[in-house]
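Beneath this line is the structure, given in C-alpha cells, with notes to follow.
The values are calculated or read from the model by the stated rules, or taken from the named source; none is laboratory data. These numbers come from a predicted model, not from an experiment. Methodologically, a virtual Cβ is constructed for each residue, glycine included, from the backbone with ideal geometry; neighbour enumeration extends over all protein chains shown. Heavy atoms of the whole protein, side chains included, go into the accessibility calculation; ligands, DNA and RNA do not. Shrake-Rupley method; radii C 1.70, N 1.55, O 1.52, S 1.80 Å.
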Amino acid sequence: MDTANEQSINLIIIMNLFKKIHIQIRSGIEELLNSVENHEAVTEAAIREYQEYYAKARVKLDRIKAREVGLREKAEKARKDEGLWKGRATSIAGQDRTKALACMKRAKDAEAQAQILETDLENMRQTVSEVEQTVDAMRCRIEEIKRKRDQLSVRDYRTRTLSAASNSGREDPELGAIFERWEERILTREVISEREQTSGDNLARELDQKENEAALEAELDALIASGGEEKAS
C-alpha cells in the first residue's frame, strides 16, 4: 500500500508540473508577442511548442489512467476475495469452526486491503480529474492562439491591402517627374513630325504649282500656234 501512496504523490507532483509548464509557456508567448515584429512567425512557434507539451501531457495522462484502472481492478478483486472467504466461513462454520474462523480472518484481511485500495483509487481519480483539467486547459490555449492568429492574420492582410491601394492612388514625386520628362519628349517629337510634314506639303504644293503653270503655258503656246496657222490659211 505504501507503493500506491507513493504513486499517488508522484502523480500529484506531475499535475503541478503541468500547471507550471502551462504558466511558463503562456507568459513566454505573451512576452515574445509583445517584443518582436514578426508576430505570425512567433505565434506559429508558440503553437508548435504548446502542441509538443500537450502531446507529452496526453501520454502521461494516459499512463495515469492506466494506473487508475489497475487500482480499480485490484480493489474489485479484494472485495470479491472478501465475499469469497465470508461465504466459505459461513458454509463450513457448522462442520469446522476453526477453519471457519481462519476464513473470516482472510475475509477481514481482504476487506482491509480493499478499503486501502479504494482510498488510493479515490485519490487517483481526483488526480486524474485535475490532470485532465490541466491538459484540457492546454488544448483550449492552443485553440485560442490559433483562433487569434487567424483573426489577426485576416485583419493584417486587410490592412496591408488597403494601405497598398491607398498608396497606389497617391502622386509619387519622382514618378511624376518621369512622366513630365516623358511627355516633353513626346511633344518635342510631335512638333518635329508636324514640321517635317508641313515642309513636305509646301514642297508638294510648289511642285504642283509649277506643273500647273507649265501645263497652262503649254496650252497657251498650243493656242497661239493654232491661231497663227489659221491666219496663214
Review point. So which residues in the range 75-101 are charged (D, E, K, R) and surrounded by 13 or more Cβ atoms within 10 Å (Cβ to Cβ), if there are any at all?
Key: GLU76, LYS77, ARG79, ASP81, GLU82, LYS86, ARG88, LYS99
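A quick yes/no check of all residues on (1) under 30 Å from THR43 (Cβ atoms); (2) in contact with a Lys or Arg (Cβ under 7 Å, 6 or more places away or on another chain); (3) modelled with pLDDT under 75:
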{"position": "SER163", "(1), (2), (3)": "yes, no, yes"}
{"position": "GLU183", "(1), (2), (3)": "no, no, no"}
{"position": "ASN202", "(1), (2), (3)": "no, no, yes"}
{"position": "ARG205", "(1), (2), (3)": "no, no, yes"}
{"position": "ASN212", "(1), (2), (3)": "no, no, no"}
{"position": "LEU220", "(1), (2), (3)": "no, no, yes"}
{"position": "SER233", "(1), (2), (3)": "no, no, yes"}
Check your understanding: Are any of the residues in the range 109-119 over 57 Å from the mean Cα position of the chain (by Cα) and part of a helix (DSSP H, G or I)?
Key -> yes
Practice item. Scan ARG147, ARG195 and give me the residue that is open to solvent by 80 Å² or more (accessible area, probe 1.4 Å), part of a helix (DSSP H, G or I), at pLDDT 65 or above and closer than 30 Å to GLN51 by Cβ. Key: ARG147
Study note, to complete from the structure: Result of the Cβ filter at 7 Å on the range 121-150, keeping first residues that are over 30 Å from LYS74 (Cβ atoms) and partners that are of a type in the set (S, T, N, Q), at least 6 apart or interchain, is ILE142/GLN51; ILE145/THR43; ARG149/THR43
Point to revise | Tabulated pairs, the range 79-100, first hydroxyl-bearing (Ser, Thr, Tyr), second exposed (fewer than 12 other Cβ atoms within 10 Å of the Cβ) and part of a helix (DSSP H, G or I), C-beta under 7 angstrom, 6+ apart or interchain | key: none
Check your understanding: From the residues in the range 33-68 that are of a type in the set (Asp, Glu) and within 19 Å of ASP136 (Cβ to Cβ), which one is modelled with the lowest pLDDT?
Key -> GLU49
